[in-house]
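Accompanying notes for the structure given below.
The values are calculated or read from the model by the stated rules, or taken from the named source; none is laboratory data. Note that the structure is predicted; figures quoted are calculated from it, not measured. Heads up, the Cβs are rebuilt from the backbone with ideal geometry, glycines too, and the neighbour counts pull from every protein chain shown. Note: areas computed on protein heavy atoms with side chains; ligands, DNA, RNA excluded. Shrake-Rupley method; radii C 1.70, N 1.55, O 1.52, S 1.80 Å.
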Amino acid sequence: MKKLLAAAAVAALALTGCASGGNTESTSDDNTFVVGMECAYAPFNWQTSTETDTSVPLGSNGYADGYDVRVAQYIADELGMDLEIKTISWDGLLPALESGEIDAVIAGMTANDEREQGADFTTPYYDSEGMIMIVRKDSEEATYTDIQQFSGKNVVGQKGTNYDDVIDQIQGVNHVTPKQQYGEMIVALQQGDVDGITAEMAVAEGVIAANPDLTVVQFDEGKGFEADTTVSIALKEGTRDSDFFKKVQEALDNLDTETRKEWMSEAVQNQPAGE
(Lines give C-alpha, C1' and ligand atoms only; values in the text may rest on other atoms or scores of the structure.)
Protein backbone atom coordinates (compact mmCIF):
# COMPACT_ATOMS: atom_id res chain seq x y z
CA MET A 1 0.00 0.00 0.00
CA LYS A 2 1.18 3.47 -0.82
CA LYS A 3 1.41 4.97 2.63
CA LEU A 4 -0.38 8.25 3.22
CA LEU A 5 -0.21 10.40 6.34
CA ALA A 6 -0.98 8.54 9.55
CA ALA A 7 -4.05 10.71 10.03
CA ALA A 8 -5.69 9.10 7.01
CA ALA A 9 -8.19 6.43 7.92
CA VAL A 10 -7.59 4.44 4.81
CA ALA A 11 -4.05 3.47 3.86
CA ALA A 12 -3.74 3.35 0.11
CA LEU A 13 -1.61 1.32 -2.21
CA ALA A 14 -2.01 1.09 -5.95
CA LEU A 15 0.06 -1.83 -7.09
CA THR A 16 -0.13 -3.25 -10.58
CA GLY A 17 -0.77 -6.94 -10.93
CA CYS A 18 1.18 -9.45 -12.96
CA ALA A 19 -0.19 -10.76 -16.21
CA SER A 20 -1.96 -14.10 -16.40
CA GLY A 21 -3.28 -16.12 -19.30
CA GLY A 22 -6.97 -16.21 -20.13
CA ASN A 23 -10.04 -17.23 -22.13
CA THR A 24 -13.69 -16.16 -22.31
CA GLU A 25 -14.78 -18.49 -19.50
CA SER A 26 -12.10 -17.57 -16.95
CA THR A 27 -8.68 -16.01 -17.26
CA SER A 28 -7.20 -18.83 -15.19
CA ASP A 29 -6.10 -22.17 -16.57
CA ASP A 30 -4.96 -23.52 -13.19
CA ASN A 31 -8.28 -23.54 -11.30
CA THR A 32 -7.59 -20.15 -9.77
CA PHE A 33 -10.17 -17.36 -9.50
CA VAL A 34 -8.16 -14.14 -9.99
CA VAL A 35 -9.85 -11.07 -8.53
CA GLY A 36 -8.72 -7.46 -8.81
CA MET A 37 -9.28 -4.75 -6.19
CA GLU A 38 -7.50 -1.65 -4.89
CA CYS A 39 -6.88 -3.01 -1.40
CA ALA A 40 -7.21 0.63 -0.33
CA TYR A 41 -10.93 1.16 0.24
CA ALA A 42 -11.84 -0.05 3.71
CA PRO A 43 -14.13 -1.61 4.79
CA PHE A 44 -14.60 -3.06 1.31
CA ASN A 45 -10.94 -3.94 0.87
CA TRP A 46 -7.60 -3.11 2.40
CA GLN A 47 -4.01 -4.33 2.60
CA THR A 48 -2.43 -5.35 5.87
CA SER A 49 0.61 -7.08 7.30
CA THR A 50 -1.61 -9.01 9.71
CA GLU A 51 -3.04 -12.40 8.82
CA THR A 52 -6.64 -13.01 9.91
CA ASP A 53 -9.28 -15.69 9.46
CA THR A 54 -10.62 -13.78 6.45
CA SER A 55 -7.43 -12.47 4.83
CA VAL A 56 -5.86 -13.72 1.59
CA PRO A 57 -2.07 -13.67 1.03
CA LEU A 58 -0.59 -11.14 -1.40
CA GLY A 59 2.78 -12.84 -1.71
CA SER A 60 5.51 -10.65 -0.24
CA ASN A 61 3.06 -7.74 0.08
CA GLY A 62 1.19 -9.00 3.13
CA TYR A 63 -2.50 -9.77 2.98
CA ALA A 64 -5.73 -8.50 1.44
CA ASP A 65 -8.71 -8.28 3.77
CA GLY A 66 -12.16 -6.76 3.96
CA TYR A 67 -15.71 -7.28 2.75
CA ASP A 68 -14.77 -7.73 -0.90
CA VAL A 69 -12.17 -10.34 0.03
CA ARG A 70 -14.82 -12.19 1.99
CA VAL A 71 -17.17 -12.16 -1.00
CA ALA A 72 -14.38 -13.18 -3.39
CA GLN A 73 -13.42 -16.11 -1.18
CA TYR A 74 -17.03 -17.23 -0.99
CA ILE A 75 -17.41 -17.12 -4.78
CA ALA A 76 -14.14 -19.02 -5.27
CA ASP A 77 -15.24 -21.70 -2.81
CA GLU A 78 -18.59 -22.05 -4.54
CA LEU A 79 -16.80 -22.45 -7.87
CA GLY A 80 -14.42 -25.01 -6.39
CA MET A 81 -11.45 -22.77 -7.24
CA ASP A 82 -8.50 -21.26 -5.41
CA LEU A 83 -8.57 -17.50 -4.86
CA GLU A 84 -5.87 -15.06 -5.91
CA ILE A 85 -6.15 -11.34 -5.15
CA LYS A 86 -4.31 -8.76 -7.24
CA THR A 87 -3.96 -5.18 -6.02
CA ILE A 88 -4.59 -2.86 -8.96
CA SER A 89 -5.24 0.88 -9.03
CA TRP A 90 -8.87 1.87 -9.48
CA ASP A 91 -8.37 3.17 -13.01
CA GLY A 92 -6.60 -0.05 -13.97
CA LEU A 93 -9.26 -2.51 -12.81
CA LEU A 94 -11.49 -2.65 -15.88
CA PRO A 95 -8.54 -2.59 -18.32
CA ALA A 96 -7.05 -5.53 -16.39
CA LEU A 97 -10.36 -7.36 -16.72
CA GLU A 98 -10.54 -6.63 -20.45
CA SER A 99 -6.96 -7.77 -21.05
CA GLY A 100 -7.50 -11.06 -19.23
CA GLU A 101 -5.17 -10.23 -16.35
CA ILE A 102 -7.96 -10.92 -13.87
CA ASP A 103 -11.21 -12.90 -13.89
CA ALA A 104 -13.31 -10.43 -11.95
CA VAL A 105 -13.42 -7.04 -10.28
CA ILE A 106 -14.81 -7.22 -6.76
CA ALA A 107 -13.96 -3.77 -5.47
CA GLY A 108 -17.02 -1.86 -4.34
CA MET A 109 -17.73 -0.96 -7.99
CA THR A 110 -21.13 0.33 -9.09
CA ALA A 111 -22.40 -0.73 -12.49
CA ASN A 112 -23.28 2.18 -14.78
CA ASP A 113 -23.83 2.73 -18.49
CA GLU A 114 -20.19 3.63 -19.17
CA ARG A 115 -18.72 0.67 -17.29
CA GLU A 116 -21.22 -1.76 -18.78
CA GLN A 117 -19.79 -0.95 -22.21
CA GLY A 118 -16.59 -2.75 -21.17
CA ALA A 119 -17.76 -5.37 -18.66
CA ASP A 120 -20.68 -7.60 -17.73
CA PHE A 121 -21.97 -7.03 -14.20
CA THR A 122 -23.74 -9.39 -11.83
CA THR A 123 -26.64 -8.29 -9.68
CA PRO A 124 -25.54 -6.15 -6.68
CA TYR A 125 -23.81 -7.86 -3.76
CA TYR A 126 -24.15 -4.87 -1.42
CA ASP A 127 -26.16 -1.65 -1.14
CA SER A 128 -24.84 1.23 0.98
CA GLU A 129 -28.35 2.74 0.96
CA GLY A 130 -27.45 6.35 0.47
CA MET A 131 -24.56 8.74 0.05
CA ILE A 132 -23.43 11.14 2.74
CA MET A 133 -20.67 13.69 3.31
CA ILE A 134 -17.71 13.67 5.68
CA VAL A 135 -16.75 17.07 7.12
CA ARG A 136 -14.67 18.52 9.93
CA LYS A 137 -16.48 18.12 13.23
CA ASP A 138 -15.96 21.75 14.30
CA SER A 139 -17.06 23.25 10.96
CA GLU A 140 -20.33 24.93 10.04
CA GLU A 141 -20.80 22.22 7.41
CA ALA A 142 -21.40 19.73 10.22
CA THR A 143 -24.82 21.34 10.77
CA TYR A 144 -25.97 21.11 7.14
CA THR A 145 -29.07 19.13 6.19
CA ASP A 146 -29.22 19.85 2.45
CA ILE A 147 -26.54 19.21 -0.17
CA GLN A 148 -27.29 22.64 -1.68
CA GLN A 149 -25.88 24.25 1.46
CA PHE A 150 -22.49 23.17 0.10
CA SER A 151 -22.88 25.72 -2.73
CA GLY A 152 -19.62 27.67 -2.94
CA LYS A 153 -17.82 25.08 -0.81
CA ASN A 154 -14.84 22.95 -1.85
CA VAL A 155 -15.97 19.34 -2.24
CA VAL A 156 -13.88 16.43 -3.49
CA GLY A 157 -14.55 12.84 -4.54
CA GLN A 158 -12.49 9.86 -5.65
CA LYS A 159 -11.48 9.89 -9.31
CA GLY A 160 -13.49 7.68 -11.64
CA THR A 161 -16.25 6.92 -9.14
CA ASN A 162 -19.89 7.85 -8.64
CA TYR A 163 -18.77 9.69 -5.52
CA ASP A 164 -17.08 12.23 -7.74
CA ASP A 165 -19.83 12.41 -10.35
CA VAL A 166 -22.58 13.36 -7.87
CA ILE A 167 -20.78 16.47 -6.64
CA ASP A 168 -22.12 18.43 -9.60
CA GLN A 169 -25.64 17.95 -8.22
CA ILE A 170 -24.71 20.79 -5.84
CA GLN A 171 -25.40 24.09 -7.56
CA GLY A 172 -22.45 26.48 -7.46
CA VAL A 173 -20.14 23.99 -5.76
CA ASN A 174 -16.39 24.23 -6.21
CA HIS A 175 -15.82 20.73 -7.56
CA VAL A 176 -12.23 20.08 -6.54
CA THR A 177 -10.05 17.94 -8.80
CA PRO A 178 -10.73 14.34 -7.70
CA LYS A 179 -8.13 12.33 -5.82
CA GLN A 180 -6.81 8.93 -6.86
CA GLN A 181 -7.07 7.41 -3.39
CA TYR A 182 -9.62 7.85 -0.63
CA GLY A 183 -6.97 8.48 2.00
CA GLU A 184 -5.77 11.51 0.06
CA MET A 185 -9.21 13.07 0.40
CA ILE A 186 -9.22 12.56 4.16
CA VAL A 187 -5.89 14.34 4.46
CA ALA A 188 -7.16 17.21 2.26
CA LEU A 189 -10.20 17.59 4.51
CA GLN A 190 -8.18 17.59 7.71
CA GLN A 191 -5.76 20.15 6.30
CA GLY A 192 -8.61 22.48 5.30
CA ASP A 193 -8.02 22.17 1.58
CA VAL A 194 -11.62 20.97 1.10
CA ASP A 195 -14.84 21.39 3.09
CA GLY A 196 -16.35 17.99 2.43
CA ILE A 197 -15.75 14.60 0.86
CA THR A 198 -18.46 12.33 -0.50
CA ALA A 199 -18.77 8.89 1.06
CA GLU A 200 -21.00 5.95 1.83
CA MET A 201 -21.86 5.13 5.42
CA ALA A 202 -19.85 1.89 5.66
CA VAL A 203 -16.68 3.75 4.67
CA ALA A 204 -17.53 6.81 6.76
CA GLU A 205 -17.92 4.78 9.96
CA GLY A 206 -14.32 3.63 9.77
CA VAL A 207 -13.07 7.09 8.85
CA ILE A 208 -14.82 8.70 11.82
CA ALA A 209 -13.66 6.00 14.23
CA ALA A 210 -10.05 6.65 13.24
CA ASN A 211 -10.39 10.44 13.01
CA PRO A 212 -12.46 11.93 15.86
CA ASP A 213 -11.98 15.40 14.37
CA LEU A 214 -14.30 14.42 11.50
CA THR A 215 -18.02 13.71 11.40
CA VAL A 216 -20.78 12.61 9.02
CA VAL A 217 -23.48 14.78 7.47
CA GLN A 218 -26.68 12.88 6.67
CA PHE A 219 -29.13 14.88 4.62
CA ASP A 220 -32.86 15.29 5.11
CA GLU A 221 -35.14 13.19 2.93
CA GLY A 222 -35.27 14.64 -0.56
CA LYS A 223 -32.31 16.93 0.18
CA GLY A 224 -29.49 14.48 -0.48
CA PHE A 225 -27.68 13.08 -3.50
CA GLU A 226 -29.44 11.07 -6.17
CA ALA A 227 -27.08 8.14 -6.67
CA ASP A 228 -26.88 4.41 -7.14
CA THR A 229 -25.05 3.06 -4.09
CA THR A 230 -25.15 -0.61 -5.01
CA VAL A 231 -21.97 -2.50 -5.90
CA SER A 232 -21.65 -5.46 -8.25
CA ILE A 233 -19.09 -7.96 -9.52
CA ALA A 234 -17.63 -7.10 -12.93
CA LEU A 235 -16.81 -9.98 -15.27
CA LYS A 236 -15.36 -9.85 -18.75
CA GLU A 237 -17.45 -8.20 -21.47
CA GLY A 238 -19.33 -10.72 -23.60
CA THR A 239 -19.40 -13.51 -21.00
CA ARG A 240 -22.94 -12.98 -19.65
CA ASP A 241 -24.20 -16.10 -21.41
CA SER A 242 -21.18 -18.20 -20.46
CA ASP A 243 -21.21 -20.99 -17.89
CA PHE A 244 -18.62 -19.10 -15.85
CA PHE A 245 -20.76 -15.97 -15.52
CA LYS A 246 -23.83 -18.02 -14.68
CA LYS A 247 -21.96 -19.95 -11.97
CA VAL A 248 -20.70 -16.72 -10.39
CA GLN A 249 -24.22 -15.25 -10.47
CA GLU A 250 -25.70 -18.43 -9.03
CA ALA A 251 -23.19 -18.40 -6.16
CA LEU A 252 -24.06 -14.77 -5.47
CA ASP A 253 -27.79 -15.54 -5.55
CA ASN A 254 -27.22 -18.13 -2.84
CA LEU A 255 -25.57 -15.60 -0.51
CA ASP A 256 -28.39 -14.46 1.75
CA THR A 257 -28.96 -10.85 2.79
CA GLU A 258 -28.35 -11.49 6.48
CA THR A 259 -24.91 -12.97 5.80
CA ARG A 260 -24.00 -10.04 3.57
CA LYS A 261 -24.91 -7.57 6.32
CA GLU A 262 -23.05 -9.60 8.93
CA TRP A 263 -19.88 -9.67 6.81
CA MET A 264 -20.02 -5.91 6.29
CA SER A 265 -20.55 -5.31 10.00
CA GLU A 266 -17.48 -7.44 10.77
CA ALA A 267 -15.44 -5.65 8.09
CA VAL A 268 -16.35 -2.25 9.57
CA GLN A 269 -15.27 -3.45 13.01
CA ASN A 270 -12.04 -5.02 11.79
CA GLN A 271 -10.81 -2.44 9.28
CA PRO A 272 -7.47 -0.81 10.12
CA ALA A 273 -7.53 2.60 11.74
CA GLY A 274 -4.71 3.71 9.43
CA GLU A 275 -1.09 2.85 8.77
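Pick from 36, 108, 92 the residue whose mean-square fluctuation is largest in a GNM of the chain, springs joining Cα atoms under 10 Å. Highest fluctuation of the listed residues: 92.
Treating each Cα of the chain as one equal point scatterer and applying the Debye formula with no solvent, the log10 of I(q)/I(0) at q = 0.07, 0.11 Å⁻¹ comes out as -0.24, -0.59. In the elastic network of the chain, a GNM with C-alpha springs shorter than 10 Å, the most mobile of 160, 222, 172 is 222. Projection of the Cα convex hull of region 104-195, averaged over all directions and equal to a quarter of that hull's surface, yields 6.9 nm².
Seen against the Cα atoms of the chain and their longest principal axis, helix 67-79 is set at about 20 degrees.
Note that the chain presents 44 Å² accessible area per residue, ligands and nucleic acids not counted, probe 1.4 Å. Electrostatic bookkeeping for residue 67 treats Lys and Arg as +1 and Asp and Glu as -1; over the other residues with beta carbon under 10 Å from its beta carbon, the sum is -1.
Counting each pair of different Cα atoms once, what's the Kirkwood radius of region 43-146 in Å, rounded to one decimal?
Averaging 1/r across every pair of different Cα atoms and inverting gives 16.1 Å.
By DSSP, the beta bridges lying fully in the chain are antiparallel in about 65 percent of cases. Full extension of the chain between residue 213 and residue 143 gives 23.7 nm of extra length, using 0.36 nm per residue less the Cα-Cα distance. Simple spin-label estimate for residue 112 and residue 240 gives 1.9 nm between the two label positions (7 Å along the Cα-to-Cβ direction from each Cα). In the chain, the longest principal axis of the Cα atoms and the axis of helix 201-210 are about 70 degrees apart.
Spatial offset of region 173-195 relative to region 244-258 amounts to 36 Å, using the alpha carbon center of each. Relative to the dominant Cα principal axis of the chain, helix 257-270 is inclined by about 60°.
The portion of the accessible surface of the chain made up by carbon and sulfur, rounded to a whole percent, is 42 (1.4 Å probe; DNA, RNA and ligands excluded).
Once Lys and Arg get +1 and Asp and Glu get -1 on their Cβ, which of 244, 212, 44 lies farthest toward the positive end of the dipole of the chain? Value: 212.
Each residue of region 152-169 was assigned a 3J(HN,Hα) from its phi angle through the Karplus expression (A = 6.51, B = -1.76, C = 1.60, θ = phi - 60°), giving x, 8, 8, 10, 10, x, 7, 4, x, 10, 4, 5, 8, 4, 6, 4, 6, 6 Hz with x at Gly and Pro. When the Gaussian network model of the chain links Cα atoms closer than 10 Å, the mean-square fluctuations of 257, 32, 239 top out at 257. Normalised size of region 160-275, defined as Cα radius of gyration per 2.2 N^0.38 Å with N residues, equals 1.31. Given +1 at the Cβ of Lys and Arg, -1 at the Cβ of Asp and Glu and no other charges, the dipole of the chain around its Cα centre is 800 debye to the nearest 20. Size check on region 141-196: the Cα extents along the three principal axes, sorted descending, read 26, 22, 15 Å.
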